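Comments concern the structure below.
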Amino acid sequence: MFVAVFLVAGYASMRYGKLWGETDTNVFAVLIRAMVDEAKLVPVQRVYPNGYGFPVLATYLVSISGLSVTGMQLAGGALLAVWVVLPVWLAYRELVGSARGATLATVLILIQPEFLFPILRGTHEKFTRGLMFLCLFLLVRSILARQTWRRFAALLLGFYLASYALITFNNLLATSFIVALGLALVLGLIMRYLIAPRSDSSDTMRRLLYAVSISLLLAFLFTFYAYPPARHGLRIVESVWDRMAMLFLDVEEVAANPYHTLTTAWVSFPVYLIVSIANWLLLIASFVLWIVQTHTWWRKRTWPEEPRTILLWSLYGAFGFLGAVSILVDVSGAIALNLQHRIFPSFAMIAAPFVTAWSLRQQTFRTTTRPLAYGLLVVVISFLSVVAVAKATNEPLVSNRWVFSTPAEFTGLDWARQNNPNGSTWAAFDSRLRASTGIQYGWETQGAKFDSHDPAPSTRTHLISDVMRARSERLNLRLPIEGDSLRVYDNGAAELYHLRPRTPYQK
Amino acid sequence: MTGNDLLGVAGLTPGEYVVEYRNDAFTVAPLTPPEMSLQVKRLSEDVAALPLQVVVTNDGTGDAPGLVLVAEAKNSDGVVTELTREPVDALSGETAHVLLDVPNSHNSSRLTIRLENAEGGVIAAEMMGLAGEKEIEGEAIYSLEQKPVLIPVLVGFAVLLATATALAVRVQPGAHE
């Protein structure tokens with residue numbers, strides 16, 4: 001597993017070399033540079049409001065390794081994902097109850113493109129996800145190991161340390177994780193009350209109650225006392241409710257729907273379905289199994305005694321509920337329209353062992369069909385692995401969201417910032433070039449003015465490259481220059497055009 | 001020359017002259033051939049049509065009536081297509097504005113506006129590069145086939161996961177089937 005993740009991390013870091021960028025990786029490059037420069041937990045230049053964990057860790061790694069921040073974000077960002085394997089496997093071994101189950105569940109989570117993408121970029125997510133798994137491992141282990149008090153105490157301490165570490169990396173993701181644990185507790189209590197009120201699973205529930213309460217207290221202390229910038233999260237919550245009101249109470253026009261991107265982010269809808277097939281298979285299979293299991297317990301009026309079975313079932317229900325809510329929040333347009341990208345990996349984290357636990361209970365591979373079943377399984381997993389990587393790395397053949405850049409584009413933008421220092425230069429239909437140059441050089445933080453997406457009326461200079469032409473053709477977008485624009489720079493693969501003045505006041 | 005020299009042309013060499021009466025005075029200037037110039041402006045961002053304003057200026061002292069403005073598009077294959085032609089009279093010292101409504105084509109890489117006389121001779125021409133229109137090289141889309149060395153890495157990842165799956169789901173020796 002380590003080798004597999006090392007390979008995919010190497011693939012991700014070598015796919016576009018140093019010439020790639022995406023917004024969040026760039027944001028963290030800026031944050032890490034600020035922390036390296038100022039050597040403060042809350043730098044004046046720029047601060048990450050949701051937690052200091054990742055900038056601190058990256059600053060430490062930059063210091064001891066001698067890597068540049070650029071190298072850390074572009075190469076290290078992917079390669080550090082290897083660490084996730086250990087907590088993933090440990091957590092799954094506890095949740096599923098066997099080593100081979102843990103291996104199978106780990107494979108299932110690693111073929112989820114929505115899980116691979118966040119851990120392969122230069123953000124906190126590889127650590128937040130890993131810490132979530134570590135919390136799950138320590139939580140389940142502490143429930144199962146209560147008979148040995150020394151071991152129990154060590155696991156308990158480890159769990160709260162891991163929880164606090166998770167909170168410092170991203171208090172919002174950590175809070176949603178803790179809330180999911182709380183929802184799992186509520187769901188478990190309700191089901192137990194309805195199905196088998198006299199069953200004895202109070203130890204598991206009590207343990208969950210303590211874990212949730214104390215973790216929430218830690219999150220509260222972090223947000224309001226330990227790290228003041230984290231209060232920013234509350235402003236987002238206010239915004240969520242405002243936008244939900246807008247959406248459901250018809251106060252104003254309907255907010256943007258992020259799911260419209262399905263039709264634009266990929267070359268076609270069938271291609272989107274193919275690259276996302278692992279997500280859909282896991283979603284549908286796990287949901288059907290969860291419904292069937294719930295129905296079976298209800299019909300037979302039985303409640304499992306095994307803590308890991310209760311935990312898996314209730315965690316799945318909780319994360320599924322949060323996933324449904326996240327879709328509503330996303331449609332409302334809050335939190336940069338990407339909450340579903342945050343919640344789905346959390347959901348998949350539980351769905352994978354849930355499906356695995358079911359499959360291990362089945363004895364479907366009969367002797368006569370075993371070779372065929374194995375062969376089919378190998379082919380399916382191989383195929384899902386490849387398409388997951390294609391999606392997670394935004395392979396340009398299938399994705400319309402390109403993240404790569406070319407040296408000619410960098411050279412053109414460098415010329416623009418030096419020769420057009422007071423004016424803004426348009427740099428692509430999206431933020432890929434601004435992110436790439438931000439990670440590599442931080443030009444915008446040094447005062448360069450770049451524009452992207454729909455150009456501002458005041459932007460008179462535009463970078464047009466072969467890549468932009470290809471993307472313009474792919475998306476049927478018109479390049480934002482006029483036929484008589486003045487070509488002021490050309491390096492063969494990228495040009496700069498200056499719009500002709502239309503008034504005496506324009507230059 | 002006989003009589004009063006009201007125009008002050010005494011001493012001028014024989015030839016063609018233009019006499020103008022402006023500001024209560026006559027001026028005499030040699031009649032020079034029309035000096036035509038064109039200026040092309042794009043009027044709109046419309047994708048489907050490309051309305052152009054062509055400003056025709058005659059800086060010579062001779063009039064140039066009966067001219068024709070011709071718009072031609074040249075595509076990336078070098079094929080030239082005439083798009084439209086409009087008549088225009090270019091009088092001396094004056095500026096004529098002509099609107100040309102030409103269809104916009106994604107295949108067109110260069111637009112030529114030329115001014116022809118009655119015999120079809122080209123008097124002035126202006127080339128207008130359709131900025132941004134350029135033949136796209138296939139390498140612009142940085143697909144995986146441009147980096148074949150990574151394909152074994154991807155295959156290795158897939159094979160390892162598939163192998164791990166096969167090992168995990170295999171029936172354990174002695175297990176109930």
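The values are calculated or read from the model by the stated rules, or taken from the named source; none is laboratory data. What you see is a predicted model; the values in this text were computed from it and never measured. Positions of Cβ are generated from backbone atoms using ideal geometry, with glycine treated the same way; all protein chains shown enter the neighbour counts.
Candidates are the residues of region A:471-490 that are surrounded by 15 or more Cβ atoms within 10 Å (Cβ to Cβ) and in a loop (DSSP other than H, G, I, E, B); the one that is farthest from the other protein chains (Cβ to nearest Cβ) is A:Pro480. Evaluating A:Arg434 against the criteria (1) assigned to a helix (DSSP H, G or I); (2) touching a Pro at 6+ places or on another chain (Cβ under 7 Å) leaves one unmet condition, (2).
The set of residues from region A:396-407 being closer than 15 Å to A:Trp20 by Cβ and touching a residue at least 12 places away in the same chain (Cβ under 8 Å) comprises A:Ser399, A:Arg401, A:Trp402, A:Val403, A:Phe404, A:Ser405, A:Thr406, A:Pro407.
What residue, among those in region A:1-55 that are under 30 Å from A:Leu90 (Cα atoms) and free of Cβ contacts under 8 Å to residues at least 12 places away in the same chain, is nearest to the other protein chains (Cβ to nearest Cβ)? Looking at the filtered set, the residue picked out is A:Leu7. Inside region A:105-133, residues that are more than 14 Å from chain B (Cβ to nearest Cβ), farther than 17 Å from A:Ala78 by Cβ and in contact with a Ser or Thr (Cβ under 9 Å, 6 or more places away or on another chain) make up a count of 2. Of the residues examined, A:Arg100 is not one that is touching a strand residue (DSSP E or B) at 6+ places or on another chain (Cβ under 9 Å), within 14 Å of chain B (Cβ to nearest Cβ) and basic (Lys, Arg). I'm trying to understand the selection: among the residues of region A:349-372, which are more than 8 Å from chain B (Cβ to nearest Cβ), out of contact with any helix residue (DSSP H, G or I) (no Cβ under 6 Å at 6 or more places or on another chain) and at pLDDT below 90? Within region A:349-372, A:Arg361, A:Gln362, A:Thr364, A:Thr368, A:Thr369, A:Pro371, A:Leu372 qualify. For the condition part of a helix (DSSP H, G or I), at pLDDT below 90 and in contact with a Ser or Thr (Cβ under 7 Å, 6 or more places away or on another chain), A:Leu74 qualifies.
Scanning region A:418-470 for residues that are within 14 Å of chain B (Cβ to nearest Cβ), of a type in the set (Ser, Thr, Tyr) and free of Cβ contacts under 8 Å to residues at least 60 places away in the same chain yields A:Thr461, A:Ser465. A:Leu86 - would you say it is among the aliphatic types (A, V, I, L, M), closer than 29 Å to A:Phe347 by Cβ and assigned to a helix (DSSP H, G or I)? When the stated conditions are applied, A:Leu86 passes them.
Have a look at B:Gly15, B:Gly62, B:Gly66 and point out the one that is modelled with pLDDT of 80 or more, over 30 Å from A:Pro480 (Cα atoms), in a strand (DSSP E or B) and out of contact with any Asp or Glu (no Cβ under 6 Å at 6 or more places or on another chain).
The conditions single out B:Gly66.
Taken over region A:6-26, the criterion of being touching a Phe, Trp or Tyr at 6+ places or on another chain (Cβ under 8 Å) and at pLDDT 90 or above is satisfied by A:Leu7, A:Val8, A:Tyr11. Meeting the requirement of 3 or more residues that are among the hydroxyl-bearing types (Ser, Thr, Tyr), the helices (runs of 4 or more DSSP H) wholly within region A:109-220 are A:149-169, A:171-195.
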